[in-house]
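K.L.:
Just passing along the structure, written as structure tokens.
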């Protein structure tokens with residue numbers, strides 16, 4: 001920076017100011033145009049809108065019958081529009097892989113970093129530990145409830161997985177990475193993640209394959225409203241929950257120290 | 001029949017699963033698996049293309065047990081199969097040719113992750129090509145963004161990190177615009193599947209309802225995709241990202257990732273709004289003007305560049321300008337020319353990047369053009385490859401670039417208003433292209449190396465490099481000489497789109 | 001027009017937030033703020049969608065028995081799309097933050113303008 | 001109820017603007033966290049409980065944790081100074 005003289009700096013600053021002005025102008029124009037568009041859209045909260053068509057009505061009317069899930073949102077994301085959700089798990093996976101690419105430390109560097117940090121670790125105070133002891137079982141229970149009950153009530157694999165991941169993060173902060181590694185080593189982590197993703201891909205692939213070719217291949221839906229209902233939705237929610245929890249915890253660990 | 005129609009699904013799943021299992025493994029395992037998958041996908045897509053070309057039909061494939069407006073769908077016709085086959089072949093060749101450089105540029109512990117990202121990138125491109133659903137397109141656009149950024153930053157230098165962050169933020173602006181466009185589209189039609197939106201759209205067009213929102217939506221979707229495919233005023237991120245990445249990444253990004261969005265835009269024009277409707281709204285005129293500006297500015301900026309990879313990257317800006325200009329012509333021949341140019345550029349630019357890599361290697365890893373004196377004589381294959389690519393980009397007959405320019409010119413004849421500027425810019429751009437490609441050719445064949453020690457060295461190319469570069473040269477000549485068949489395929493594909 | 005804008009107040013607010021997020025993403029030179037701007041932009045789109053799904057006087061789409069009456073429940077599709085979108089935006093955020101950290105390790109600054117300025121200085 | 005929604009909406013707009021107006025990063029992140037929480041409240045009001053739960057867990061929870069971690073790491077690199085550069 002020192003090698004620039006004042007004149008060149010001035011040019012850069014002026015260029016930045018011009019860029020800022022244009023950017024503001026563009027954003028303002030965007031806002032105005034979007035507001036204008038909104039003013040032409042159908043009214044809020046009314047029932048006679050284009051979005052209230054045969055598609056959404058059929059999801060409500062036949063969702064339970066066709067998918068076995070009382071939570072229609074879960075039926076839509078894991079059955080009617082399951083391909084999106086497969087893509088969504090792939091996004092999480094891609095993000096985790098990209099963060100590994102960026103932040104993962106070599107084992108030696110990781111060990112050095114942990115050794116340096118140990119004496120100063122303020123995260124392991126007694127208050128946090130006690131809170132964590134009390135809180136973690138409940139968080140895990142809540143996460144498991146959200147995942148397992150995803151087809152019956154609000155929740156599902158993503159929110160449940162995020163809560164479970166949060167519980168693991170808390171465990172890690174309170175008791176240190178060594179303790180967490182005892183039940184979630186790098187090897188187990190990757191096996192869980194890859195296993196869940198592959199199960200999801202293969203199970204959904206089977207459904208897509210049979211569905212696309214008009215072959216019978218449905219899975220029994222079970223008693224509506226019970227925990228074992230919804231055909232594949234239950235197992236898929238578990239797989240999504242595992243992928244999410246792993247991705248959340250893995251990204252945390254990489255941000256925190258650069259490894260497991 | 002069952003298996004043939006399942007090919008799109010199988011290709012997408014195969015690449016996804018490959019990505020999943022190659023992440024934790026060692027690098028060599030991921031490398032082999034990724035190349036194998038890319039090869040399998042190429043073969044499968046080619047088989048699909050041959051079959052669809054012979055029967056001339058197209059089909060939709062329900063993703064699940066629910067029919068059209070309720071479930072999610074893939075859709076394949078000649079157009080989609082052609083693009084999928086070309087893209088996967090180019091990805092395979094780029095990875096094969098850049099394999100050695102990848103091993104040098106990327107830390108061994110990260111190789112597995114790099115190849116996982118490459119597989120996922122191919123997966124998202126295939127899904128973008130085949131999808132029949134707007135929201136699915138958004139999801140896979142985001143995967144594409146993430147993985148494209150990741151394969152740039154895999155070569156971990158200060159330069160790539162900065163380039164990636166600029167690339168990422170520009171892409172996010174683009175996908176934000178695309179997302180709000182999709183949502184507005186849903187708000188006024190109530191559908192997400194392309195054929196259903198098209199049906200709703202034609203009703204709206206007839207009744208004149210929601211005219212202003214519709215125009216806005218087309219603009220938002222086009223601008224969002226234009227930002228991501230580096231159309232002229234939004235190109236600022238491209239040279240540093242494509243110029244600094246490892247060779248295989250540069251080749252894949254320039255060759256196919258930019259084009260994935262253009263293919264999607266074409267599908268949106270044809271299958272979501274209907275061509276007639278799009279032309280009435282005059283969005284193509286905007287694309288035409290920006291395309292012309294891109295053709296000019298990309299070439300001018302490339303002339304000033306001395307770093308060979310950045311020069312090639314600026315050349316990509318110009319070539320994207322050609323493609324958008326062709327779409328903006330709003331004639332059938334113009335669109336055909338744009339599609340042909342997608343293929344031309346997809347086989348030529350990776351060839352140029354791979355050749356530049358070989359030339360750089362033969363000149364002591366220098367990226368400056370003037371340091372490459374005589375490099376073409378030291379690495380014969382790279383020299384020939386660069387010559388083929390450069391002559392094709394300039395537009396010499398027998399090479400594929402000539403055919404696309406010919407068809408661009410033919411396409412412009414259909415529209416009296418756009419004919420003159422388009423023809424003028426085609427001539428001017430050909431001259432400008434020659435002004436930066438020919439000096440490089442002269443340099444790599446004529447002059448003697450500044451460093452005397454380099455003079456007698458003869459480069460030894462690895463088998464994979466020879467194979468891949470040879471295949472790309474071959475594809476170039478196929479496009480340049482057997483072009484009537486390709487044009488016919490594109491025409492049939494567009495007709496059934 | 002103005003009347004309709006008032007009636008669509010949630011959508012109007014959502015596009016205002018979208019524009020604010022867009023300008024933050026475009027104009028802020030600090031990377032962390034840029035990333036927050038991206039998140040704001042995405043959640044604004046999701047708010048827009050959620051508002052599109054809402055119908056006054058109807059309930060969330062959790063059925064109590066087979067053969068639900070469509071006139072009783074809100075539209076489930078926007079919720080499903082937003083659910084997908086939220087996960088995408090958190091993934092992108094994680095990647096962008098990791099990139100920002102890497103950039104900080106390399107250049108010692110989180111400010112894009114500063115970094116570009118210092119690089120220009122090195123070139124000349 | 002409409003009034004309450006309008007108030008929440010105004011709060012959201014204010015938060016969005018405040019992020020680019022605050023000079024320091026920690027307040028910006030805290031503002032974003034409260035923005036996410038209010039957003040999840042608004043979604044609960046719009047009869048979308050799935051979204052409310054997910055936004056509270058993912059948007060306000062995980063995303064904010066990531067921001068804090070990133071900030072912490074930047075500070076550690078800067079040698080325990082109070083605030084990273086603007």
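The values are calculated or read from the model by the stated rules, or taken from the named source; none is laboratory data. The structure presented is a predicted model; accordingly, all values stated were derived computationally and were not measured. No Cβ is skipped: glycine too gets one built from the backbone with ideal geometry, and neighbour counts run over all protein chains shown.
K.L.:
Count, please, the residues in the range D:36-63 that happen to be more than 10 Å from chain A (Cβ to nearest Cβ) and either modelled with pLDDT under 90 or surrounded by fewer than 20 Cβ atoms within 10 Å (Cβ to Cβ) (or both).
P.N.:
6
K.L.:
Right, here's the next one. Give the residue, chosen from A:119, A:126, A:137, that is modelled with pLDDT of 80 or more, over 30 Å from residue B:62 (Cβ atoms) and out of contact with any helix residue (DSSP H, G or I) (no Cβ under 6 Å at 6 or more places or on another chain).
P.N.:
Result of the check over A:119, A:126, A:137: A:137.
K.L.:
Considering the range A:134-157 alone, what residues qualify as being part of a helix (DSSP H, G or I) and in contact (Cβ under 8 Å) with a residue 12 or more places away in the chain?
P.N.:
If the condition is that a residue be part of a helix (DSSP H, G or I) and in contact (Cβ under 8 Å) with a residue 12 or more places away in the chain, then A:135, A:136, A:139, A:140, A:142, A:143, A:144, A:145, A:146, A:147, A:148, A:157 are the ones that fit.
K.L.:
Being within 29 Å of residue B:4 (Cβ to Cβ), more than 8 Å from chain B (Cβ to nearest Cβ) and modelled with pLDDT under 75: is that true of residue A:219 here?
P.N.:
In short, yes.
K.L.:
Among the residues of the range C:40-55, which ones are more than 12 Å from the chain's Cα centre (by Cα) and more than 9 Å from chain D (Cβ to nearest Cβ)?
P.N.:
Selection gives C:52 alone.
K.L.:
Additional query: Please tell me if residue B:151 is in a helix (DSSP H, G or I), within 11 Å of chain A (Cβ to nearest Cβ), modelled with pLDDT of 90 or more and more than 15 Å from residue B:137 (Cβ to Cβ).
P.N.:
yes
K.L.:
I'm trying to understand the selection: among the residues of the range D:1-23, which are crowded, with 16+ Cβ neighbours inside 10 Å and touching a residue at least 40 places away in the same chain (Cβ under 8 Å)?
P.N.:
Once the filter is applied, which keeps residues that are crowded, with 16+ Cβ neighbours inside 10 Å and touching a residue at least 40 places away in the same chain (Cβ under 8 Å), the range D:1-23 yields only D:5.
K.L.:
Still on this structure: What helices (runs of 4 or more DSSP H), lying completely within the range A:4-83, carry at least 3 residues that are more than 7 Å from chain C (Cβ to nearest Cβ)?
P.N.:
Where helices (runs of 4 or more DSSP H) fall fully within the range A:4-83 and carry at least 3 residues being more than 7 Å from chain C (Cβ to nearest Cβ), they are A:6-39, A:54-67.
K.L.:
For the range C:90-121, which residues satisfy the criterion of being more than 7 Å from chain A (Cβ to nearest Cβ), outside any loop (DSSP other than H, G, I, E, B) and over 25 Å from residue A:245 (Cα atoms)?
P.N.:
Of everything in the range C:90-121, those that are more than 7 Å from chain A (Cβ to nearest Cβ), outside any loop (DSSP other than H, G, I, E, B) and over 25 Å from residue A:245 (Cα atoms) turn out to be C:103, C:104, C:105, C:106, C:107, C:111, C:112, C:114, C:115, C:116, C:119.
K.L.:
Further question on the same structure: From the list B:316, B:299, B:250, exactly one residue is farther than 30 Å from residue B:123 by Cβ and touching a helix residue (DSSP H, G or I) at 6+ places or on another chain (Cβ under 6 Å). Which is it?
P.N.:
Answer to the selection: B:299.
K.L.:
Do you know which residues across the range B:103-113 are buried (at least 24 other Cβ atoms within 10 Å of the Cβ) and within 7 Å of chain A (Cβ to nearest Cβ)?
P.N.:
Within the range B:103-113, B:113 is the sole residue that qualifies.
K.L.:
Give me the pairs: first residue in the range A:98-125 and closer than 30 Å to residue B:121 by Cβ and away from every other protein chain (no Cβ under 11 Å), second residue surrounded by 12 or more Cβ atoms within 10 Å (Cβ to Cβ) and modelled with pLDDT of 75 or more, beta-carbon distance under 7 Å, and six or more apart or on different chains, which are they?
P.N.:
These pairs meet every condition: A:110/A:257; A:110/A:258; A:110/A:259.
K.L.:
Same structure again: Specify which of the listed residues (B:460, B:373) is on the phi < 0 side of the Ramachandran plot and free of Cβ contacts under 8 Å to residues at least 40 places away in the same chain.
P.N.:
B:460
K.L.:
Can you name the condition, by its number, that residue B:137 falls short on among (1) in a helix (DSSP H, G or I); (2) out of contact with any strand residue (DSSP E or B) (no Cβ under 9 Å at 6 or more places or on another chain)?
P.N.:
Here residue B:137 meets the rest and fails (2).
K.L.:
Let me ask something additional. Can you tell me which condition residue B:447 does not meet? The list is (1) touching a helix residue (DSSP H, G or I) at 6+ places or on another chain (Cβ under 8 Å); (2) at negative phi, and all the others hold.
P.N.:
So residue B:447 meets the others, but not (1).
K.L.:
Among the residues that make up the range B:118-129, is at least one of them at the interface with chain A (Cβ under 9 Å from one of its Cβ atoms) and surrounded by fewer than 24 Cβ atoms within 10 Å (Cβ to Cβ)?
P.N.:
No, there is no match, as no residue in the range B:118-129 is at the interface with chain A (Cβ under 9 Å from one of its Cβ atoms) and surrounded by fewer than 24 Cβ atoms within 10 Å (Cβ to Cβ).
K.L.:
Then there is this: Exactly one condition in (1) touching a helix residue (DSSP H, G or I) at 6+ places or on another chain (Cβ under 6 Å); (2) surrounded by fewer than 24 Cβ atoms within 10 Å (Cβ to Cβ) is false for residue C:80; which is it?
P.N.:
The single condition residue C:80 does not satisfy is (2).
K.L.:
Out of B:80, B:100, B:31, B:57, report the one residue that is outside any helix (DSSP H, G or I) and either more than 14 Å from chain A (Cβ to nearest Cβ) or at pLDDT 85 or above (or both).
P.N.:
Being outside any helix (DSSP H, G or I) and either more than 14 Å from chain A (Cβ to nearest Cβ) or at pLDDT 85 or above (or both) holds for just one of B:80, B:100, B:31, B:57, which is B:57.
K.L.:
Considering every residue within the range C:26-39, establish whether at least one is touching a strand residue (DSSP E or B) at 6+ places or on another chain (Cβ under 6 Å), closer than 30 Å to residue A:21 by Cα, within 7 Å of another protein chain (Cβ to nearest Cβ) and not in a helix (DSSP H, G or I).
P.N.:
Yes, the range C:26-39 has at least one match.
K.L.:
Then there's this: I'd like to check something: does the range A:161-180 contain any residue that is farther than 30 Å from residue B:124 by Cβ, assigned to a loop (DSSP other than H, G, I, E, B), within 14 Å of chain C (Cβ to nearest Cβ) and touching a residue at least 24 places away in the same chain (Cβ under 8 Å)?
P.N.:
no
K.L.:
Shifting gears a bit: Specify the residue that is modelled with the highest pLDDT; the eligible residues are those in the range C:65-89 that are more than 7 Å from every other protein chain (Cβ to nearest Cβ) and farther than 24 Å from residue A:160 by Cα.
P.N.:
Residue satisfying both the conditions and the ranking: C:72.
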